[in-house]
Structure formats: C-alpha cells, structure tokens
Amino acid sequence: MGDPQLFDGKPVLQFSTETNRRSFLKYAGLVGVGASLVAGGVFSAPYAAANAPAVAKGDLDILNYALTLEYLESDFYAMGVSSGFLSGRDLDLITPISDHEKAHVTALTSTIKSLGSTPVTKPKITYPSGTFASKDSFLKTASVFEELGVKAYHGQVPLIQSGDVLGAAASIAGVESRHAAIIASLIGGNPFPHHIEEHVDMATVLAAVKPLLS
Amino acid sequence: MTRSDFVKGQLSEVSAPQALSALNNRWALASAADFANDVDVLNYALTLEYLEAAFYVQGNKANLLSGTEKEYLAAIQADEEYHVTAITATIKALGGTPVSAPGVDFGGAFDSRTSYLTTSHTFENVGVGAYLGAAGFIKDKAVLQAAAGIFGVEARHAAVVGNLLGLKAEGGVYMGAFETGVAKATVLAGVAPFITQTGVTPTGGANTGGGSTARDDKTGLYAVGGAALLGAAGAAVYAAKHRAADVSE
C-alpha cells in the first residue's frame with residue numbers, strides 16, 4: 001500500500017466506546033515492548049506456572065490487534081456480499097473470503113479467551129459513502145484492506161513470543177495473502193507485488209487508520 | 001506416492017484443527033529429527049525453491065500460455081528465482097553451506113496448459129504447507145520474517161493458479177480459513193518423484209549449530225536438503241509438547 005491513509009483520510013473506523021479506541025491505539029506503544037520480549041527466541045520463553053496464561057502479554061496484545069483488523073475485514077466483506085453487486089465467479093470468490101474473516105474473528109476471540117484474557121470488542125465501523133456503491137469501489141477497497149492486512153500480520157511475525165501464537169498468526173496470514181492476490185487479479189492489479197511479503201509495524205498500520213478514528 | 005499422484009493433486013496433507021484454540025497441535029508436524037537449526041530449515045526450503053524455479057523455467061519455455069496467464073506465470077518464476085537467491089545468500093550469511101540444485105524431471109507436466117497449471121497448483125500448495133510446517137523451527141527472527149514473507153507469496157501463487165484453472169473457490173483457490181502445515185517427510189515424499197539427482201550435500205565448513213550426524217547420512221535425503229531435517233525437527237516438537245504439557249497442567 002503506497003498511501004498510508006485509507007480512503008483519503010475519511011473516517012472508516014469508529015470504536016463503540018472511547019475505552020476501546022484507547023485500547024486499540026495503545027498498541028502502537030507496545031511494539032517496542034514486544035521486540036524486547038523476543039530476544040530469547042520462539043521456544044526459549046519461560047513458561048508460566050500451572051494455570052497461568054501460556055503466552056506473554058505482548059502476544060495477547062498482538063492477538064487483540066489482529067482481532068480488530070479481522071473485525072474490520074469481516075464486517076466489510078459481509079457488507080459487500082450482501083450488497084448485491086457481486087455475481088458469478090466474483091461472488092464465488094468473495095463469499096469464502098467473507099467466511100474466512102468471520103472464522104478469523106471467532107478463532108482469535110476464542111484463543112484470547114482460552115489464554116485467560118479479554119478480547120477487544122467489535123469496533124463501530126463507518127464507511128465513506130461510495131464504498132459499497134459499486135463492485136469496482138468495493139473491490140478496490142478490499143484490495144487496500146487485504147494488502148494492509150498481509151503486511152500487518154507479517155509485521156508481527158518477529159515480535160510474537162509464543163510459537164503457538166506464531167503458528168496461528170501465520171496460518172491466517174497465508175490466507176490473507178491468497179485473498180490479496182485474488183482481489184488484485186479481479187481488479188486488474190498485480191497479484192504478486194513483491195517477491196517476499198512486505199511488513200509494516202503496528203505504528204504504521206495505526207498511522208493508516210488513526211486519521212479515520214475521529 | 002507417484003509423480004502422477006502429485007500432478008493430480010493427490011498429495012495428502014496433515015489435517016489441522018480449524019480452531020486456533022487447538023494451538024498446540026499446529027506445530028506438531030515434524031519429528032524431533034527434522035531441523036537442527038535455521039540453516040537446516042533454509043536448506044530444506046532452498047531445495048523446494050530450486051525445484052519450483054526449475055519447474056517454471058521449463059514450463060514457461062514450453063509456451064503453453066498466453067496473455068495474462070503468461071504474465072502471471074512469468075512473475076511466479078521470477079519470485080521463485082528470487083527466493084533461491086535470497087535463501088542462498090541467507091544460508092551463507094549464517095555461515096552455512098547452501099545445498100546445490102537437484103536434478104529434476106517433471107515428466108509430463110508440460111504436456112498441456114492444464115497439466116502445467118495443475119502441477120503448479122500442487123507445487124505451490126505443498127510449498128505453503130512446507131513453510132508453515134517448518135517455520136516454527138526457525139530461531140532467528142529476521143530469518144523467520146523472511147521465511148514467512150516467502151510463505152505468503154507462495155500462498156498468492158497457489159490461489160491465483162487455482163483461479164486460472166477455474167477450480168472451486170473453497171478447496172481450490174483457498175484452502176480454508178487457515179493454512180495447513182505439511183510435515184517435512186510428507187513434503188519430501190511428494191517431491192521425490194521429480195528429483196532425479198539430489199543436490200550436493202553441504203559439507204562442514206560452517207558450524208550450523210547442529211545436525212552433524214546427518215552429514216554422514218548416505219540415503220541421499222540429506223542432499224535433498226532435508227537430511228538434517230529427518231533428525232532435527234525433534235527439538236522443536238519436544239519444545240512444543242513440553243509447552244502443551246505446561247498448558248494442561
């Protein structure tokens with residue numbers, strides 16, 4: 001994504017409460033914390049005693065960060081699929097994406113709970129007018145979301161402490177790459193923009209989203 | 001497993017839990033002997049990338065495609081060639097010795113557009129699964145991020161080629177809401193029919209931090225890039241199981 005701003009800076013994400021907004025924004029400050037936690041390597045982390053969460057606080061923050069992005073994608077595709085402008089092969093290709101994003105939300109939510117933490121709630125999302133006006137505008141927006149999502153996941157790869165959380169995140173990231181490539185091919189874009197997936201850190205993703213949080 | 005099975009997309013995969021709450025199963029794909037160190041993982045990846053790069057070089061020369069398809073497959077070839085170069089450089093940077101390119105024979109894969117794309121689709125999905133199955137063994141964070149970045153690109157390839165073939169969306173273009181790791185032994189068995197001559201066994205030189213016993217392996221698997229893997233994946237799996245035990249206690 002060349003432009004760090006989504007939708008020309010128009011608001012797209014509105015959190016249901018100020019607390020949620022703050023809890024999302026605070027992730028920006030956690031990147032450095034995560035970096036310091038990975039020094040020991042994936043499998044060398046000291047695991048807590050019985051009944052304690054098996055993953056570090058930083059990993060939980062990353063999972064919540066991913067959950068927020070998945071909430072956004074899930075809502076976006078649900079809107080698109082129900083909009084009526086998709087048909088034929090397009091609809092066949094987009095419907096599973098919508099299902100995947102829902103599954104990611106469910107899985108991340110249950111994972112965070114199973115680790116003894118509280119998942120962030122779904123943000124209130126407001127799309128700029130025109131987002132769902134046509135197949136073209138929808139797919140172009142989808143491309144922005146997918147490419148950003150791919151980079152967001154890859155940005156967290158070296159920061160995740162738990163090998164299990166890493167495996168989970170990677171298994172989702174690969175699916176997002178598939179989505180990104182298919183959407184690109186649908187809009188005549190480049191499905192293979194890089195030899196190796198690029199990555200952006202949380203702060204950069206937030207820089208793309210923050211102007212939309214008014 | 002025969003080459004024709006592979007071309008037909010019959011390569012079996014290790015099934016994975018659909019819920020991330022079953023996290024502890026996700027890495028339990030390899031045996032303790034699979035990967036001794038990052039160089040071992042990278043040589044395993046390098047062999048697969050060599051295989052893919054050679055596959056696309058030959059396939060694209062066969063002139064089976066046109067238009068956008070041709071452009072896509074040319075881009076995929078460039079990606080695989082880049083991966084070979086990047087992984088080779090990384091292994092050297094880590095003080096290891098890159099495995100050399102294997103001899104390959106893709107049989108009838110280039111008989112037609114359909115056979116080419118179908119084999120490609122299978123290769124790419126195996127590559128996706130191979131990277132996911134091995135990533136958990138990578139200890140260097142920079143290497144891990146690069147490997148993950150390659151993994152994502154292989155997933156793009158798999159999806160687009162599946163779409164070119166007009167396969168059903170779920171189960172053809174996409175392989176579910178979560179990617180599935182494939183165990184190293186399964187991957188190597190799958191690609192074995194295409195390898196006529198294994199690459200040269202990396203010899204000593206650098207201390208790769210482990211896997212030394214595999215250097216004496218005469219079975220040829222090591223030269224495929226996976227020899228050290230046969231014995232080295234264990235450390236990570238042990239760690240995973242140990243972790244699982246911690247969780248359940």
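FYI, it's all coordinate maths here, none of it is from the lab. Computed from a predicted model, the values in this text were never measured in an experiment. FYI the Cβ positions are ideal-geometry reconstructions off the backbone, even for glycines, and counts take in every protein chain you see.
In sequence order, what are the phi-derived ³J(HN,Hα) couplings for the stretch A:103-117 according to the Karplus relation 6.51 cos²θ - 1.76 cosθ + 1.60 with θ = phi - 60°, rounded to whole Hz, with x for glycine and proline?
In residue order, the calculated couplings are 5, 5, 4, 4, 5, 5, 4, 5, 5, 4, 5, 5, 8, x, 10 Hz.
Which of the pairs B:92/B:139; A:57/B:141; B:141/B:168; B:141/B:184; A:151/B:139 have their Cα atoms more than 28 Å apart in this structure?
Long pairs (Cα-Cα over 28 Å): B:141/B:168.
I'd like to compare A:72-78, B:147-153, A:157-163: which one has the highest average count of other Cβ atoms within 10 Å, and what's the full order after that?
Highest-to-lowest ranking by the protection proxy: B:147-153, A:157-163, A:72-78.
Give the relative contact order (percent, whole number) for the stretch A:108-214; include only Cα pairs under 8 Å separated by 6+ residues.
28
Please get the size of the charge dipole for the stretch A:77-169, origin at its Cα centre, with Cβ charges of +1 on Lys and Arg and -1 on Asp and Glu, quoted in debye to the nearest 20.
260
Over all residues in A:89-101, what is the mean tally of Cβ atoms on other chains that come within 10 Å of each residue's Cβ?
The shielding value for this peptide is 3.
So how do A:122, A:151 line up by other beta-carbon neighbours within 10 Å, fewest first?
The order, fewest Cβ neighbours first, is A:122, A:151.
Per-residue Cβ counts within 10 Å, from other chains only, averaged over A:153-165: what number is that?
5
Ignore the peptide's own chain and count Cβ atoms of other chains within 10 Å of each Cβ in B:168-175; give me the average, rounded.
Partner-chain Cβ atoms within 10 Å, mean over residues of B:168-175: 5.
Could you rank the peptides A:84-91, B:113-120 by their average count of other C-beta atoms within 10 Å per residue, with the highest value first?
B:113-120, A:84-91
Simple spin-label model, 7 Å along Cα-to-Cβ: residue B:66 to residue B:168 in nm?
Placing both labels 7 Å beyond Cα along the Cβ direction yields 3.2 nm.
Normalising by the residue count of the stretch B:38-192, find the relative contact order in percent from Cα pairs under 8 Å and 6+ residues apart.
Once normalised by length, the contact order is 26 percent.
Which order do B:140, A:92 fall in if you start with the one that has the fewest other Cβ atoms within 10 Å?
So the ranking, lowest neighbour count to highest, is A:92, B:140.
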